Amino acid sequence: MEFAYDGGGLAKGRTVSLYTDGKKVGEGRVEITVPMLFSSDETCDIGKETGLPVSPDYGPHGNAFSGEVN
């Protein structure tokens, strides 16, 4: 994954590129970024969110990924 920050101050956008085996497989825009630090009690979760959800579409409980990644 590559984050190309627009620069020019806090909370600016960036282009995000996703790579698999060294080849770009996707790209998208993040129009605004976190201007400072995350809270010290926030976690980096994979498969479920135990801290703050990444979107209001997900509740605080019962949000574990139940699919399969091939």
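The values are calculated or read from the model by the stated rules, or taken from the named source; none is laboratory data. Since we're looking at a predicted model, the values are computed, not measured. So basically every Cβ, Gly included, is an ideal-geometry build from the backbone, and we count neighbours across all protein chains shown. In case anyone asks, the SASA skips ligands and DNA or RNA and just uses the protein heavy atoms, side chains included. Shrake-Rupley method; radii C 1.70, N 1.55, O 1.52, S 1.80 Å.
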### Message
List the residue pairs whose Cβ atoms are under 7 Å apart, where the first residue sits in region 16-30 and is open to solvent by 70 Å² or more (accessible area, probe 1.4 Å), the second is modelled with pLDDT of 95 or more and among the aromatic types (F, W, Y), and the two are 6 or more positions apart or on different chains.
### Response
V25/Y19
### Query
Taking region 15-70 as the region of interest, how many residues are part of a loop (DSSP other than H, G, I, E, B) and either of a type in the set (S, T, N, Q) or at pLDDT 85 or above (or both)?
15
### Message
What are the pairs with Cβ atoms under 7 angstrom where one residue, in region 45-64, is farther than 20 Å from T33 by Cβ and in contact (Cβ under 8 Å) with a residue 12 or more places away in the chain and the other, located anywhere, is open to solvent by less than 100 Å² (accessible area, probe 1.4 Å) and charged (D, E, K, R)? Sequence gap at least six, or different chains.
### Response
N63/E49
### Task
Residues being of a type in the set (S, T, Y) and farther than 19 Å from V54 by Cβ: count how many of those fall in region 18-35.
2
